[in-house]
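Everything on this sheet refers to the single structure shown next.
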């Protein structure tokens, strides 16, 4: 123990205050990053998504001018994308900010379906194709499969409902009645609900996002 104390003393004596501060900042950043990654786990994503089902929400896809960053549409309304946004925001991960910044720097990489000439932080993150593009660009895309066991709690799934309408939801840790697949938290028009609907529509996207 005495030898260790001597080594620590010599280190501190021969290290400038600035160097010590840099080391402390590095250690604290590593600890915070590890803690955030642990909080942003599949289990916790599932848990936070399930909590949304206890809140009454009316489906409303109207355009709203919202604050930036951390903006949200009025409480009590939302669409399918708001399920993802609100779940991630519970971990202080702001998809509005992240997608806006990525679109600003890579606008041509995102879909051009809405006649936009520049990013719009009021609505961009609330559009399924943009969420799909963002997750893919972050390396979160997984292979689409017809095997239910490939879809795990915390995963994001996107569907084609037909007629050019897309949809998105979160796989949660609640097995279906026959227990061969997990259920989904989503908002397809009846509010933020949990349903056994993984293969009810054509899957067009499967993502497992790990916060960086």
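Overview of values
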| item | result |
| --- | --- |
| Matching residues, segment 163-212, being in a strand (DSSP E or B), over 16 Å from residue 48 (Cβ atoms) and in contact (Cβ under 8 Å) with a residue 40 or more places away in the chain | 167, 202, 203, 204, 205, 206, 207 |
| Failed item, numbered, when residue 198 is tested on (1) more than 22 Å from residue 73 (Cβ to Cβ); (2) within 17 Å of the chain's Cα centre (by Cα); (3) at pLDDT 95 or above | (2) |
| Subset of segment 128-159 [part of a loop (DSSP other than H, G, I, E, B) and at negative phi] | 138, 140, 142, 143, 144, 145, 146, 147, 151, 152, 153, 155 |
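The values are calculated or read from the model by the stated rules, or taken from the named source; none is laboratory data. Quick caveat: nothing in here was measured; it's all calculated off a predicted structure. Glycine also receives a Cβ, built like all others from the backbone with ideal geometry; neighbour counts cover every protein chain displayed.
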